[in-house]
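A.B. asks: Pasting in a structure now, in structure tokens, and then I'll have a few things to ask.
The values are calculated or read from the model by the stated rules, or taken from the named source; none is laboratory data. No experiment lies behind these values; they were computed from the predicted model shown. Glycine gets a Cβ as well: all are built from the backbone with ideal geometry, and neighbour counts include every protein chain shown. The protein model used for the area step is the full one, side chains on, heavy atoms only, and it has no ligands, DNA or RNA in it. Shrake-Rupley method; radii C 1.70, N 1.55, O 1.52, S 1.80 Å.
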Amino acid sequence: DVLVIRAAFLVVVMGVVAVVAGACGSSDGGEQPASSTTAFKSINCDGTVAVMLPYGRFGATDSVQMNWARVSLDKFNQDHNTLFTFEPSNVDFDPEAGVSEAKRIVTNPNVIGVVGPKTSVVTKAVGPIFDAAGLVYVSPSATNATLTDGKLKGFYRVVASDALQGPRIAQFIEEELKP
């Protein structure tokens, strides 16, 4: 459903901003200590969130989806006295394109976090680049179970892994649909 996809995208975008904004607790915008388990960048209360999704109907440059994300971000900025912005990045299923974009993204000192990538294969390819740069990256749809095995330090997801989804779907089919 298009509305569910758009709602999930907004949740991910605002989740990245909220996580990053949580690190800017001081009133002077000064640096905060990094977590003991991560090496994420110290953050001021502004910056750019890269949106690593494909251009097109449901991608990062979809005008309706990005406009709602911008409305949400503008409201967040107003409510929290922050100055976050977006930077769309055109990546779909191609790991090589993902690596190229990840390398470009990490050279921008204003980027404080990443929404995406959308696929597990691209996430595996770009993860080491984002981890080395200390960026948080949150996928709205990457489901491979190994993505959260501890190797990717800055990766988060908002959907269950394949290891959780598969058994639940099978259980639903068996118990509710009774094929």
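A.B. asks: Suppose all protein chains stay in the model; what accessible area per residue would a 1.4 Å probe give for the range 86-179, in Å²?
C.D. replies: Values: 4820 Å² over 94 residues.
Ligands and nucleic acids excluded, the figure is 51 Å² per residue.
A.B. asks: First compute the accessible area of the range 57-179 with a 1.4 Å probe, then give the percent of it belonging to carbon and sulfur atoms.
C.D. replies: On the way: 3770 of 6670 Å².
Answer for the range 57-179 is 57 percent, counting heavy atoms of protein chains only.
A.B. asks: Here's another thing I want to ask about it. Rank-order 71-82, 147-158, 87-98, 122-133 by packing density, defined as the average count of other C-beta atoms within 10 Å over each peptide's residues, highest first. Spell out each step's value before the answer.
C.D. replies: On the way: 71-82: 13.5, 147-158: 15.8, 87-98: 18.3, 122-133: 20.6.
Highest mean packing first, the order is 122-133, 87-98, 147-158, 71-82.
A.B. asks: Taking the Cβ of Lys124 as the center, what net charge do the other residues with Cβ under 14 Å away carry, scoring Lys and Arg +1 and Asp and Glu -1?
C.D. replies: Once all neighbours under 14 Å are counted, the net charge is -1.
A.B. asks: Looking only at the range 112-149, which residues have a backbone nitrogen under 17 Å from a spot 7 Å from the Cα of Leu164 in the C-beta direction?
C.D. replies: Within reach of a label on Leu164, which here means backbone N under 17 Å from a point 7 Å along Cα→Cβ, the range 112-149 contributes 120, 138-149.
A.B. asks: Set the Förster radius R0 to 30 Å, insert the Cβ-Cβ distance between Leu177 and Asn110 as r into 1/(1 + (r/R0)^6), and round the FRET efficiency to 0.05.
C.D. replies: Working: r = 49 Å, r/R0 = 1.64.
Computed FRET efficiency for Leu177 and Asn110: 0.05.
A.B. asks: Here is a further query. How high is the FRET efficiency from Ala132 to Asp94, r the C-beta distance, R0 22 Å, rounded to 0.05?
C.D. replies: Working: r = 21 Å, r/R0 = 0.95.
Once the sixth-power term is evaluated, E becomes 0.60.
A.B. asks: Using only the Cα atoms of the range 73-155, what are the Rg and Dmax in Å?
C.D. replies: Radius of gyration, then largest Cα-Cα span, for the range 73-155: 13.2, 38 Å.
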